[in-house]
Amino acid sequence: MLDFPRWKVWSITLVILIGILFAIPSTLPANLKARYPAFLPSATISLGLDLAGGSQLLLEADTADASKQRLAAKEEEVTQELRRNEPRIEIGDISTSGGRLSFMVRNPAQVDAAVERMRTLTQPVDGLSGQRDWDVQVVDSSRIVMTQTDAGMTKALRDAMTVARDVVRRRIDPQGTKEITVINQGQRRILVQVPGVEDPEALKALIGQTARLEFKLVDLTADPIQVQQGHAPPGSQVLPHVDGGFVAVKRRSMVTGDQLVDAKQTFDQQNGAAVVSIRFNAAGARRFGRVTQENVNKPFAIILDDKVLSAPNINEPILGGQAQISGNFTVATANQLAVSLASGKLPVKLNVIEERTVGPDLGKESIEKGVIASIGATFAVILFMIVTYGRFGLYATLGLIVNALLILGIMAIFNASLTLPGIAGFVLTIGAAVDANVLINERIREEQRRGRKVLDALETGYKEAQTAIFDANITNVIAAAIMWYFGSGPIRGFAVVLLIGIVTSVFTAVNFTRMLVALWVRKARPRQLQL
Amino acid sequence: MPLLKLVPDNTNLDFMRWRNLALILSIIATVASLALVGVKGLNLGVDFVGGQMVRATFAQRVDVERLRNDVEALNLGDASIQESGNPRTYQIRLPKPAGGESAANRAASQVRAMLGQKYAGSRVDSVETVSGKVSEELATDGALSIALAMLGIAIYIWFRFEWQFGVGALVTLFHDVSMTLGFFALTQLQVDLNVVAAILTIVGYSLNDTVVIYDRIRENLRKFRKMAIVPLLNLSLNETLSRTMVTSLSILLALGVLLVFGPEVIFGLTIAIFLGIFVGTYSSIYISSPILVWLGVKPDSFLKSEDREDAGAQKA
């Protein structure tokens, strides 16, 4: 017991000093923090959204939409390959229903060649299994059916979610200066946390728009009555117009939003309405120029997320790669669209499935009350310990204070977030942290009652209490670990404080207070322990 | 200065004498709690049933009827309005709208706008919108996490002690969790994610007491091989009684301060843990221990492992 080597004293002191050093920045008021020397650690505990105020959104990919888009892209790819690349293969009766792309090869002799070329359009999903992202099959000897494989869909979704995460980040924070969190969660979800936002409507409007921009020629051959009923001639499709009614457009895009380099909200020079000015990249500008040249005096449709915004006439070829999108915008909505277009389209539609917003005042009040409660609880427990265990209670108290600082220090080191339930976890830990000391002290009391001498009682007390301390804390670790695994946001904050608190309280009780007791006993040599 | 002794030295209380009575009471309380949950149901928050909750603080006391009429005028479905924490703060709960997620988003904005217009000086503290899908997941995850924690801890105890102790732990936890749920059914306090966290905390801390007592029982079983099980349990309970009281009181003191002075939003979390500590202390004495008698723990329950250790020591 008294055998407390110097190196042990030093290492315990060192651990505690480091912990305190890291705890200090989080406890200093702002004005003092500014004067805190720069060479010392400056990381502070961050506040969870429920304390700092802000908005949290959970977004989920609309997988049905993703699959539809993938089919449409594949259709485009297939027709491009077979109808335009040499040797041409005539195909027809293309359909994309039931999650499959199927088409007829007109000349039965070319079926094998067509299958061969379709295979080149598929990609291996991973190198090991040799599985590809699409299955190519021939049915009824002349129809080719392409089916998305599960592995292919999973991979496509994974890629899409990575891109979507970056797009969401660019949209919310175009300058990249805000402290926002945008992370992928699971296979098809994205968690967005934006501190300081009180009304998340603007945020949702930004994320809610897929911003898939397409320019397509209006199909003038379509019968207007048929179009209003939703029927379009082959090679065309019917899309709703934002002002009501339907428009038939060619399936093939003239140019898409992928070829944009810039989008800005501006004003129309003739009527002063809010519009979005866009600029194409070189390839897009060339294509746009050529198509407009070939189609002067015909209308084309500007389509956003499968809705026609407007269908102006091509009065003259548009050669500079600049264009204007108009469509009953306010300045705010035009600005939103510009940001959305500039950040790129979302590869998959995202739905908001959970939203939590906390105003800044509630958090501030909660922190104030939390600090008062923490200090109050600490004093209550300190008083209780000292009247119960005297000198040993004082040591337990010192352990408690060191423990509280260590928790703060470790949270700062790991940059963990303090949440509202985390405050409860902190206070609970203050109450429970003395447990290890209680176990030890009670055991020492007991051993002394049994007639053991001071040193013997201390030795046995510390030794025998160890298994109980260990087993009792493991149950808390199991509960807190499960809470951490299943919990999200605030609850995780609670679990983190509990977990850290369990580790630090065992450390302070078993090492720190033991050291204090050993040093005292060595110096004072008491004949009897007042306990 | 004389030290405070909550429990006098060398107590010799005959806890086990009351074990059958305590068992009957515990069974009645557990069944009553579960029945209460079945009959009255739990007041599940938006976390578990989906929908929206707007928490707002007003400049002065608000006539709840007027607030209800104003919210209902928005035609957002059956709204429920509850005072929350203090008489100026209210929770307005709206059901999941039929029109999918975007409709839900609009509903919150409408309430926000209405409050700003009709209640000067009011402030929206928080808005939570949870879709049906997420709420179902949260409910499943919550139930699963509590079940896993209970099982995990029971298995751990089984490994560290004997199977009877593991069963004892599981029954104790079942009792404690049932009582906590019964409390929420009785008071109709809102059950949200925080309450799940509270129950997991109770699961951890209730067993804390139990483990300390079990540890002592094991020690005494090895020490006094001739002693009958009932007196041995009494001895172990008495020896650990002072520790049980001091630790429980210390936790209750800290939580009591938090209940009175702490943030209102975590009142539910705190009160649940507070009561859970009470229940856990009771159950560690009157459920975890007597169950060992019924499951037939005998002084030689630990003999096998002991023998093995002895043999190992001799070989070495």
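Residue separation times 0.36 nm, minus the C-alpha to C-alpha distance between A:A273 and A:Q293: what's the value?
Full-extension gain reported as 4.5 nm.
Give me the mean projected area, in nm² to one decimal, of the convex hull enclosing the Cα positions of the stretch A:212-342.
7.6 nm²
Using only the Cα atoms, what convex hull volume per residue in Å³ does the stretch B:51-130 have?
Residue-normalised Cα hull volume stands at 75 Å³.
How large is the translational diffusion coefficient of chain B in µm² per second when you combine the Kirkwood radius over alpha carbon pairs with Stokes-Einstein at 25 °C and 0.890 mPa s?
109 µm²/s
Contact order normalised by length for chain B, with contacts defined as Cα pairs under 8 Å and 6 or more residues apart; what percent is it?
That works out to 25 percent.
Take every Cα pair under 8 Å in the stretch A:54-191 that's 6+ residues apart, average their separations, divide by the length, and report that relative contact order as a whole percent.
It comes to 22 percent, rounded to a whole number.
Towards the positive end of the charge dipole of the protein assembly as shown, with charges on Cβ (+1 Lys, Arg; -1 Asp, Glu), say which of A:A113, A:A509, A:A404 has the farthest Cα.
A:A509
Only four residue types carry charge here, +1 at the Cβ of Lys and Arg and -1 at the Cβ of Asp and Glu. Report the dipole size of the stretch A:54-191 about the Cα centre in Debye, rounded to the nearest 20.
320 debye
Which links in A:K68/A:K250; A:K307/A:K349; A:K155/A:K345; A:K74/A:K250; A:K204/A:K364 stretch past 21 Å when you go from one Cα to the other? Working shown, then result.
Working: A:K68/A:K250 18 Å; A:K307/A:K349 14 Å; A:K155/A:K345 19 Å; A:K74/A:K250 17 Å; A:K204/A:K364 25 Å.
Pairs exceeding 21 Å: A:K204/A:K364.
Within the stretch B:215-247, what residues put their amide N at less than 18 Å from the label point 7 Å along the Cα-to-Cβ vector of B:L13?
So the set is B:216-217, B:230-247.
Consider just the alpha-carbon atoms of the stretch A:170-274 and return their Rg together with their Dmax, both in angstrom.
Every Cα atom of the stretch A:170-274 included, Rg and Dmax give 19.3, 54 Å.
Taking +1 at the Cβ of each Lys and Arg and -1 at the Cβ of each Asp and Glu, which of B:S122, B:V64, B:G51 sits farthest along the dipole of the stretch B:51-130 towards its positive end, judged by Cα position relative to the Cα centre?
B:S122
By how many degrees, between 0 and 90 and to the nearest 10, does the Cα long axis of helix B:303-315 differ from the longest principal axis of chain B?
The angle comes out at about 60 degrees.
Using DSSP loop states and a limit of at most 15 other Cβ atoms within 10 Å to flag chymotrypsin sites (Phe, Trp or Tyr not before Pro), what is the longest stretch of chain A containing no flagged site?
That gives A:40-413 as the longest site-free run.
Tell me the volume per residue, in Å³, of the convex hull enclosing the alpha carbons of the stretch A:54-191.
Value for the stretch A:54-191: 140 Å³ per residue.
Sort A:V402, B:V7, B:V260 so that the residue with the fewest other Cβ atoms within 10 Å of its own Cβ comes first and the one with the most comes last. Intermediate values should be presented prior to the final figure.
Details: A:V402 23, B:V7 16, B:V260 11.
Ranked by crowding around the Cβ, least crowded first: B:V260, B:V7, A:V402.
Find, to one decimal place in angstroms, the Kirkwood hydrodynamic radius of the stretch A:359-488, where the mean of 1/r is taken over every pair of different Cα atoms and then inverted.
One decimal place: 16.6 Å for the Kirkwood radius.
Measure of size requested: the Rg and Dmax of the stretch B:128-216, with Cα atoms as the atom set and Å as the unit; please supply both.
Reported Rg and Dmax, both Å: 14.9, 49.
In degrees between 0 and 90, to the nearest 10, how far off the longest principal axis of chain A does helix A:391-413 point, with axes built from Cα atoms?
With both axes taken from Cα atoms, the answer is about 20 degrees.
Where the only charges are on Cβ atoms (+1 Lys, Arg; -1 Asp, Glu), what is the dipole of the protein assembly as shown about its Cα centre, to the nearest 20 debye?
Here the protein assembly as shown has a charge dipole of around 2200 debye.
Stokes-Einstein at 20 °C, 1.002 mPa s, Kirkwood radius from Cα pairs: D for the protein assembly as shown in µm² s⁻¹?
Numbers: Rh = 31.8 Å.
Using the Kirkwood radius from Cα pairs, D works out to 67 µm²/s.
Coordinate-derived values only; no laboratory data. From a predicted model like this one, the values you see are computed outputs, not experimental measurements. No Cβ is skipped: glycine too gets one built from the backbone with ideal geometry, and neighbour counts run over all protein chains shown.
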